[in-house]
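What follows is calculated from the coordinates using simple rules that are stated; it is not laboratory data. Keep in mind that this is a model prediction, so the values were computed, not measured.
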Amino acid sequence: MTTTAPTSTAPSVSYGPSAERAEPRGLGIASLVLGIVSILTGGGAVVGPIAGLALGIVSLSREPGNRTMAVWGIVLNAVVLGFAALAALGTVALALFALPFALF
C-alpha cells in the first residue's frame with residue numbers, strides 16, 4: 001500500500017509591501033519637499049518653485065498612486081510663485097511711483 005502526501009494548491013498570501021507592486025514616488029515627494037522648502041525660505045529664489053511645479057505636473061501623469069503628494073506640491077509651489085509675482089509687480093509699481101521723486 002502506497003500513500004502519498006496531500007499537496008497544497010492554496011495561493012500564497014503576502015501581507016506588506018511587495019517589490020513587484022511598489023511604485024516609484026520620487027517625483028511627487030520632490031515636488032512636495034520643494035514646495036515646503038520654498039515656503040519656509042520665503043520664496044526668494046524662483047528656480048525651486050518652478051522646478052517643484054514641473055515635477056508635480058510630471059508626477060501626476062507618471063505616478064498615479066502618488067497623486068496626493070503631487071497635488072500638494074503643485075499647490076504649494078503655485079502659491080509661492082504667485083506671491084513672488086505679486087512681490088515683483090509691487091516692486092515695479094513702487095519703483096515707477098518713486099521715479100519722478102528720484103530726479104529732484
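Worth pointing out:
- Relative contact order computed over segment 29-104 (Cα-Cα under 8 Å; 6+ residues apart), in percent: 36
- Computed P(r) (all Cα pairs; segment 28-89; 10 Å bins; percent): 30, 51, 17, 2
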